[in-house]
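A short worksheet on the structure shown next.
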Amino acid sequence: MPPLFPGSPPAKRPGARDFPGPWAGLPNSFSSTKAECLAALPGARRLPRRLPRDLGRRCNHAGTSGGSGPIPAGDGNTMLIGWEIDYNGVSQEMTAAQYDASVAATAAVLTRLGRDASYARGHRETSTTGKIDPSFIDLDVMRADVAAKMAGTAWSSIVDNATAGRFTASANWGVSSYSGQRYGADYRYADPVAASDPAWYRFNVPASANYRVDAWWPANAGYNSATPYIVATTTGNRTVYVDQRATGGQWRALGTFALPAGDANRVAVSRWSSTGGLVIADAVRLTRV
């Protein structure tokens, strides 16, 4: 909910039977596509120009603010603009289209108002009455996505074998810094066996959407020619085989996959290879597309 632009004339918007206007909420329908969600607002291109004039000094939506980040305590209806996102928030998550539309609209308004992404706050962060919305959303990730949108960049995250709390592997995986093509200080290696024994990379995926998966490994003639990478997608595990004897020391695309939102193991390197040579687990990158 970005703060209102000051000094504009009073808003003239109708109220509802049980909630008096003027409103500051703009609809984001659960059943809409991404384009329709944005069309429900005053127009993605016109939004930064129109909102300050149309919404005025007070619009009922936020209620009392207890203060959050740069938003002070006080009457939130005079400080905040809100998006009405149509999902029940208890047994239903925001759709990818709704999330994308909310991020885009928030980035547009904050850009127009000259505020940074820290001014984007969830109702549950400012509420003094125990509001839970927007549920199922990591608001720090949301702010990072808004900042990326404002900067013209996509969400991206890298997990290395040394990333604390994000990489797990059994004791069968050794640690090496032998190759100068490694990502970071070292990488993990293991012999191929007829068992998965995967090394997992955990990501906090911000929303259900399509993501490009890239992998980094050091190349060596003694490494495996058919290393299995497992991607945990919305429709089940997908396996991609790569030749780690070549094209090392750079990001290599494994493909684009539909991933669910949430903090979980998303990519793994498996030891189950039919060819000889060490299996390498170094770094993985996800980028929203």
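The values are calculated or read from the model by the stated rules, or taken from the named source; none is laboratory data. In this text the structure is predicted, and so the values were computed from the model without any measurement. In this analysis, Cβ positions are derived from the backbone assuming ideal geometry, glycine residues included, and neighbour counts consider all displayed protein chains.
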Being surrounded by fewer than 19 Cβ atoms within 10 Å (Cβ to Cβ), part of a strand (DSSP E or B) and among the β-branched types (Val, Ile, Thr) is the filter here; which residues of the stretch 231-271 pass it?
Thr233, Thr239, Val240, Thr256
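Please find, among Tyr223, Tyr187, the residue that is touching a Gly at 6+ places or on another chain (Cβ under 7 Å) and at pLDDT 95 or above. Before you say what the answer is, go through the steps one by one.
Values: Tyr187 fails: touching a Gly at 6+ places or on another chain (Cβ under 7 Å).
One residue alone meets the criteria, Tyr223.
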Of all residues in the stretch 117-127 being in a helix (DSSP H, G or I) and among the hydroxyl-bearing types (Ser, Thr, Tyr), which is surrounded by the fewest Cβ atoms within 10 Å (Cβ to Cβ)?
Ser118
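To keep it simple, each residue is scored yes or no on (1) buried (at least 21 other Cβ atoms within 10 Å of the Cβ); (2) of a type outside the set (Ser, Thr, Tyr); (3) modelled with pLDDT of 80 or more.
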| residue | (1), (2), (3) |
| --- | --- |
| Val109 | yes, yes, yes |
| Arg115 | no, yes, yes |
| Ser135 | no, no, no |
| Met142 | yes, yes, yes |
| Thr153 | no, no, no |
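State which residue is nearest to Arg266 (Cα to Cα) when the search covers only the stretch 168-208 and only residues that are of a type in the set (Val, Ile, Thr) and within 28 Å of the chain's Cα centre (by Cα). Before you say what the answer is, go through the steps one by one.
Applying the first criterion (of a type in the set (Val, Ile, Thr)) to the stretch 168-208 yields 168, 175, 193, 205.
Keeping just the survivors that are within 28 Å of the chain's Cα centre (by Cα) gives 168, 205.
Numbers: Thr168: 12, Val205: 9 Å.
Residue satisfying both the conditions and the ranking: Val205.
In the stretch 161-176, is there at least one residue being more than 20 Å from Ala283 (Cβ to Cβ) and among the β-branched types (Val, Ile, Thr)?
No, there is no match, as no residue in the stretch 161-176 is more than 20 Å from Ala283 (Cβ to Cβ) and among the β-branched types (Val, Ile, Thr).
Quick one: which of Asn204, Asn172 is of a type outside the set (Gly, Ala, Ser) and assigned to a loop (DSSP other than H, G, I, E, B)? Don't jump to the end; show me each part of the working.
Details: Asn204 fails: assigned to a loop (DSSP other than H, G, I, E, B).
Only one candidate qualifies: Asn172.
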Of the conditions (1) in contact with a Lys or Arg (Cβ under 7 Å, 6 or more places away or on another chain); (2) within 30 Å of Gly122 (Cβ to Cβ), the single one that Thr163 does not satisfy is (1)
Enumeration of residues in the stretch 207-230 that are over 27 Å from Gly180 (Cβ atoms) and either out of contact with any strand residue (DSSP E or B) (no Cβ under 7 Å at 6 or more places or on another chain) or not in a strand (DSSP E or B) (or both)
Ala207, Ser208
Positions within the stretch 69-96 being modelled with pLDDT of 80 or more and crowded, with 20+ Cβ neighbours inside 10 Å, in sequence order
Ile71
